[in-house]
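What follows is calculated from the coordinates using simple rules that are stated; it is not laboratory data. In this text, all values refer to a predicted model and were calculated from it rather than measured experimentally. With ideal geometry, Cβ positions are generated from the backbone for all residues, glycine too; neighbour counts draw on all protein chains shown.
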Amino acid sequence: MNLSKPVSELFWRRLALTPAVGVFVLLSLLPVANLIAMSVHEIRWQDGHSVWTFIGTSHYVRLLDDGLLKKGFFNTIIFSVVGVTIQIILGFLLAWGVSRISRGRVLYRTIFILPILVPGILIGAIWKLMLNYDFGLVNGLIGLLSVQPIDWLGTASFALPSVILVDIWHWTPFCFLLLLAGFESLPQELHEAALMDGVTAWTELRYVYIPIMMPVIVVTFLFRFMTSLKVFDEIYLLTGGGPGSSTEVISYTIYRTFFTQDQMGYGSAMSVAVLFAIALMMVLGFSMSRYKGQGV
C-alpha cells in the first residue's frame, strides 16, 4: 500500500498535464510537422487550390548554393553577436549602477525599461525619421560638429551598424531587467564586506560581482542571442534588407521567399534549416554554460 500511493499520485499528475501537452502538440509540433512536409514538396496554386508535388530533398540541396541565404546568415550572426554583446555590457553596467542606488531606484528602473515598452512599428518610424539623411535628428546633431550628413540607412557600410544601434536601444532594457534581478538576489553582505576592506568600486565589480553574476550573464546572453536570431521587424521597417543585401537577415529572406516570390516549399526548407540550427545552438550553448558552471 505504501507503493500504490506514489504511483497513484504520479498517474494523476500525468493525467492533469495531458490537456497542456495536447495544446502544446496542436500549437507547436503539428505546425512544425506541416512545415517539414511542405519543405519536401513543390507547392503551386491552381484554380484556387494548392498542388503539392513531392521532390524529396531538392530544396535542401538548393540551400547550399543560395548566395542570398548565406549573406543573410552572415549578417544575422554579426547582428546577434555584436548587438547582444553590447546589450549585455550596457545592461550589466546599468543594473549594477541601479543596484547601488538607495533612493530613486524605482524611477531609474522605469526610465530604463521605457524603450522595451514601445511597439515595434513606432520604433521603426521614430528611428527612420531620426536617421533620415535630409532632416534627421542624428545628422542635425553631427552637423553642429561640422560633420557632413551621412545616409545611415542608404549606405551599405552604415546600414547594418545603424540597425544594430536601434536594436541595442530597444533590447538593452530587457537585459537590464534580468541582470538587475540577479543583482537584487545577491546578499547585501558582499557590498558591506567590500566597503570594510576599502576596495574601489571597479575592483568590487571586477573581482566580486562579475564572477558571481557570470551564470546570470551567460543565461541572459544565450536567451537574448536566440531571440535576436529571429530579428525581422527592424529590418523590414528600416531598410527592407538593403541597400543591396547589406542588411539581409535570415528571417527577412524567408519572408521574401514565402510572400514575395511565392516559393512556399523552398521557404519551408529554409525555415526548417534555420529552426534546426537555432535548436542546435541552443543545446550547445546551454550545455557549455552548465559545464562551466559545474567546473566553477
Per residue of the stretch 42-49, what does 6.51 cos²θ - 1.76 cosθ + 1.60 with θ = phi - 60° give for ³J(HN,Hα)? Whole Hz please, x for Gly and Pro, Karplus curve as stated. 9, 10, 9, 9, 9, 6, x, 10
Checking 72, 48, 154 against a Gaussian network model of the chain (alpha-carbon springs below 10 Å), the top fluctuating residue turns out to be 48
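Taking 1 over the mean of 1/r across every pair of different Cα atoms in the stretch 4-54, what Kirkwood radius in Å do you get? If you can, show how the numbers build up before the last one.
Numbers: mean 1/r = 0.0712 Å⁻¹.
Result for the stretch 4-54 stands at 14.0 Å.
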Starting from the coordinates of the alpha-carbon atoms of the stretch 1-136, obtain the Kirkwood hydrodynamic radius over all distinct pairs and give the value in Å to one decimal. 22.2 Å
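Could you tell me the number of lysine pairs in the chain with C-alpha atoms less than 24 Å from each other, where the two lysines are 8 or more residues apart or belong to different chains?
Working: 70/230; 71/128; 71/230; 128/230.
Taking the Cα cut-off of 24 Å, the pair count is 4.
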Of all trypsin sites (Lys or Arg not before Pro) in the stretch 53-135, the ones in DSSP coil with at most 10 other Cβ atoms within 10 Å are 103
Give me the base-10 log of I(q)/I(0) for the chain at each q in 0.07, 0.09, 0.10 Å⁻¹, Debye formula, one uniform scatterer per Cα, rounded to two decimals. -0.41, -0.65, -0.78
Using the Karplus curve 6.51 cos²θ - 1.76 cosθ + 1.60 with θ = phi - 60°, what ³J(HN,Hα) values do you get for each residue of the stretch 122-135, in whole Hz, with x for Gly and Pro? 6, 4, x, 5, 5, 6, 5, 6, 5, 9, 4, 5, 7, 9
Amide H to amide H under 5 Å from residue 41: which residues, 5+ apart in sequence or cross-chain, H placed 1.01 Å off N in plane? 55
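Tally Lys and Arg at +1 and Asp and Glu at -1 over the other residues with C-beta under 13 Å from the C-beta of residue 163: what net charge comes out?
Details: positive: 128; negative: 167, 233, 234, 248.
Once all neighbours under 13 Å are counted, the net charge is -3.
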